[in-house]
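Just so you know, all these numbers are worked out from the coordinates, no wet-lab data involved. What you see is a predicted model; the values in this text were computed from it and never measured. Positions of Cβ are backbone-derived with ideal geometry, glycine not excepted, and every protein chain shown enters the neighbour counts.
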Amino acid sequence: MQKKINELLQKSIIKKISDRNTITSIGVLSTETLSKNMDLQSLIAENFQTKNSCYLNYRTYDKKNEFSEKYFSENSFDWKGCVIDEDLKSFLGKEFDVLITVFDQKNLYLEYTTLKSEAIFKVGIANINDSLFDLEIQTDFSDIHIYLNEVKKYLQILSKTRTNL
C-alpha cells in the first residue's frame, strides 16, 4: 500500500484552489472512534453552512461489525491497493469543494483514501504526510473545535467560504 501511495504522489498533479467563492460540498474523512467521540457531523454543520456534506470513517475490519456505507476498512481494498468497495469508490469519485480529514495519527488506509479522493482542496493535520494536503493545520488535536475554526479561518482567507461565516 505504501508503494502505491508513493506512486500516486509522484504522478499527482496538485489541484489548485477552486474558482468558486463558496463551499457547496464537503467531504469528511475520519476514524470511527474520532467520529463517534467528537460528533463530527454536528461540528461540521456548526462551522460550515453547507447542506451537502458526506462522511466516511475508517474502522479496522471485524466480522462482527455490520456493513454500513459510513465505514470502510482494509477489506475495502484488494491486495494491489485497488478500491473494491462500491461506497468507497463513490465517495472517492465525488469532487468535493473541500475534503476535511480528521485523523491525528498516520494510517495507511486513511492516507491512501485522502490521496485517491477527487476533492478539489484537501485539508488535514500537520505532520501526517506533507504531500497529501493542500492546507495543513498545526494544532493540538485534543480540541477539535480549534482545528475546525482554523480550517474555517484559512478557507475564508482563501475565499473558499461565505464571508459571513
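Points to keep in mind about this one:
- Ellipticity estimate at 222 nm from DSSP helix runs (n ≥ 4, -39,500 (n - 2.57)) divided over the chain, nearest 500: -9500 deg cm²/dmol
- Modelled FRET efficiency - R0 30 Å, Asp39 with Leu8, Cβ distances, 0.05 increments: 0.40
- In order through the stretch 89-101: 3J(HN,Hα) via Karplus (6.51 cos²θ - 1.76 cosθ + 1.60), integer Hz, x for Gly, Pro: 4, 4, 4, 5, x, 6, 8, 5, 5, 9, 10, 9, 9
- Build a GNM of the chain with springs between Cα atoms under 10 Å apart, and of Glu150, Glu136, Glu66 the one that fluctuates most is Glu66.
- Pairs spanning more than 26 Å between alpha-carbon atoms, out of Lys80/Lys152; Lys3/Lys51; Lys3/Lys94: Lys80/Lys152; Lys3/Lys51.
- A cut-off of 5 Å between modelled amide H atoms, ignoring neighbours fewer than 5 places along the same chain, links Val102 with Leu29, Ser30.
- Considered as an equivalent ellipsoid built on the Cα gyration tensor, the stretch 12-139 has semi-axes of 22, 17, 15 Å, the largest given first.
- For the chain, the relative contact order comes to 27 percent (Cα pairs under 8 Å, sequence separation of at least 6).
- A Gaussian network model of the chain, with springs between Cα atoms under 10 Å, assigns the largest mean-square fluctuation among Gly93, Gly124, Gly27 to Gly93.
- Residues whose placed amide H lies under 5 Å from that of Phe77, excluding near-sequence neighbours: Ile84
- Helix axis angle, 144-157 relative to the chain longest principal axis, alpha carbon, degrees: 60
- Distance between modelled label sites at Gln138 and Asn52, nm, 7 Å Cα→Cβ extension: 3.5
- Top of Ile125, Ile23, Ile84 by mean-square fluctuation, Gaussian network on the chain, Cα under 10 Å: Ile84
- Counting only DSSP beta bridges whose two residues both lie in the chain, roughly 5 percent are antiparallel.
- Put simply, the amide H of Tyr71, placed in the peptide plane, has neighbours under 5 Å in Asn57, leaving out anything fewer than 5 places away on its chain.
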